[in-house]
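This report refers to the structure that appears directly beneath it.
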Amino acid sequence: MTERLPAREAIALVTDDFTELRVPIRHFEPDGPLSWRGYDTARSRAAARTGEDESVVCGSALIDGIQVTLIAFEFGFLGGSLGERTGDRLEAAYAHAREHRLPVVSLVATGGSRMQEGMLALTQLQRVARQSALTREAGLPQIAVVRDPTTGGGWATLGAGADVTLALPGAQVGFAGSRVRPPGADPAAYTAEAQLAAGAVDAVVPEGELRETLALWLALLGNPSTESAPVPAALGAPGPPATGWDAVERARAPERPRAEAYLDAYFSRRAAIGGDRCGGTDAGLLCGFGSGPGGRTVAYAAQCGTATRPAGYRTAARLIRLAGALGIPVLTLVDTPGAANDARAEREGAGSAIADLFAAVATARTPVTTLVIGEGGSGGALALAAPGNTWATPDSYFSVIAPELAAAILKRPESEVRATADQLRIRPQDLLELGVVRGIADPPGT
């Protein structure tokens with residue numbers, strides 16, 4: 001488990017400079033708003049032990065030369081719990097970020113809401129949620145680092161509610177704190193690693209890499225552009241295929257360049273987001289942000305040639321909406337035989353996930369560019385494609401359905417599959433003539 005650093009040490013770990021934001025202290029009646037006996041004494045002891053007068057420290061900071069609004073929780077002060085004064089400071093920090101057009105970085109370590117302030121403490125979550133929403137509407141990135149522990153309302157607002165959520169290895173992370181879980185609950189389910197596997201955390205980052213990782217994310221998310229992402233160069237076989245079945249064989253060839261090769265060629269550096277925030281991940285659909293041609297940030301969602309699962313579609317929709325909020329163009333790479341169609345996929349909401357991605361692309365607030373780099377199988381591929389700005393490589397195809405399945409639906413024998421591929425007009429040149437794609441990508445250097 002990662003050592004529990006005090007707030008000031010956590011700040012020093014990731015920043016080059018820090019200036020605390022001073023917020024007027026709310027006046028309390030003796031023992032707080034509920035007159036909770038002993039509350040004043042508990043706060044005094046916490047202050048003496050930590051050197052802080054509240055559970056959160058807020059201010060302006062530099063991370064690799066990038067100015068941010070920084071929020072850091074002091075777990076040693078009453079378990080990093082949220083009370084009214086905590087809410088005052090968090091609200092002031094978000095307002096400062098919007099006033100000065102700064103991203104928000106939160107170093108979270110909290111056990112939840114403060115018992116000694118009752119429902120007044122719990123309602124601070126509504127304040128935080130509103131401030132986060134206003135900051136998102138202002139187009140400012142929010143990055144959270146969840147430390148040990150991050151539970152309760154702090155996880156459900158500042159942690160899980162951030163645009164990008166990073167976690168320290170071994171950190172206790174979950175809505176339920178250790179003292180309120182059901183008897184016999186598996187403690188491994190309440191860890192940073194479990195949240196990563198469940199799609200609620202984007203990455204688990206060791207302390208020694210945290211400053212560098214935050215700097216990368218801040219540089220990428222703080223670089224908006226109104227221009228469309230350039231179409232990537234075609235990396236595979238040159239020249240158009242002779243027949244529809246030739247197009248299929250090219251797209252299915254094991255040696256054909258896949259998403260990773262295209263992303264490596266297109267981006268000088270990139271950072272991935274992971275998970276749909278609904279309990280799922282899909283390794284067959286890569287999503288994130290990268291430094292693309294000309295140093296401009298481009299968001300990417302790239303299929304890897306496998307059947308895309310519902311979690312993949314939801315993650316892509318999340319990416320496109322985040323890119324839109326931050327003013328970053330999007331590149332999608334289409335390469336799938338189709339959406340996953342097993343019973344598990346249906347139980348995971350395949351139809352609604354695909355529908356949501358169609359809606360996200362259709363209403364994208366920034367330009368979307370699409371390149372079909374391999375198989376374009378039915379609606380599972382089309383959901384990721386930009387209307388009016390989709391391109392194809394010479395070794396790809398795009399079809400209403402795979403030729404084999406089309407022949408089966410039409411009750412044709414296997415011997416007519418190749419002819420069916422021709423009839424479907426799925427070659428890149430056919431798609432261009434039909435107006436389905438805007439053009440055929442050129443090889444590098446042409």
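The values are calculated or read from the model by the stated rules, or taken from the named source; none is laboratory data. Since the model is a prediction, treat every value here as computed from it, not as a measurement. For neighbour counting, all protein chains shown are included, and Cβ atoms are generated from backbone atoms with ideal geometry for every residue, glycine included. Ligands, DNA and RNA are excluded from the accessible area calculation, which covers all protein heavy atoms including side chains. Shrake-Rupley method; radii C 1.70, N 1.55, O 1.52, S 1.80 Å.
Before moving on, here are some points about what is shown:
- R8 among the basic types (K, R) and more than 26 Å from L210 (Cβ to Cβ): no
- Being farther than 16 Å from G83 by Cβ, of a type in the set (S, T, N, Q) and touching a Gly at 6+ places or on another chain (Cβ under 6 Å) is a property that holds for S132.
- Selection status of G294, open to solvent by 40 Å² or more (accessible area, probe 1.4 Å), among the small types (G, A, S) and within 27 Å of G222 (Cβ to Cβ): yes
- Only one entry of A189, A171, A176, A185 meets the criterion of being buried (at least 20 other Cβ atoms within 10 Å of the Cβ) and more than 17 Å from the chain's Cα centre (by Cα), and that entry is A171.
- Test result for R309, crowded, with 24+ Cβ neighbours inside 10 Å and of a type in the set (D, E, K, R): yes
- Selection over the range 50-67 of residues that are open to solvent by less than 60 Å² (accessible area, probe 1.4 Å), free of Cβ contacts under 8 Å to residues at least 40 places away in the same chain and within 17 Å of S113 (Cα to Cα) gives a count of 1.
- Filtering the range 1-35 to residues that are basic (K, R) and not in a helix (DSSP H, G or I) leaves R4, R22, R26.
- Sole residue being part of a helix (DSSP H, G or I), open to solvent by less than 20 Å² (accessible area, probe 1.4 Å) and either among the polar types (S, T, N, Q) or in contact with a strand residue (DSSP E or B) (Cβ under 6 Å, 6 or more places away or on another chain) (or both), chosen from L210, L220, L216: L220
- Residues in the range 239-268 that are in a loop (DSSP other than H, G, I, E, B) and over 25 Å from P387 (Cα atoms): A242, T243, A253, P254, E255, R256, S268.
- Scan of the range 2-49 for residues that are open to solvent by 30 Å² or more (accessible area, probe 1.4 Å) and at positive phi, ordered by number: D31, S35, G38
- Test: residue in the range 227-237 that is touching a Phe, Trp or Tyr at 6+ places or on another chain (Cβ under 6 Å) and either open to solvent by less than 70 Å² (accessible area, probe 1.4 Å) or at pLDDT below 95 (or both): yes
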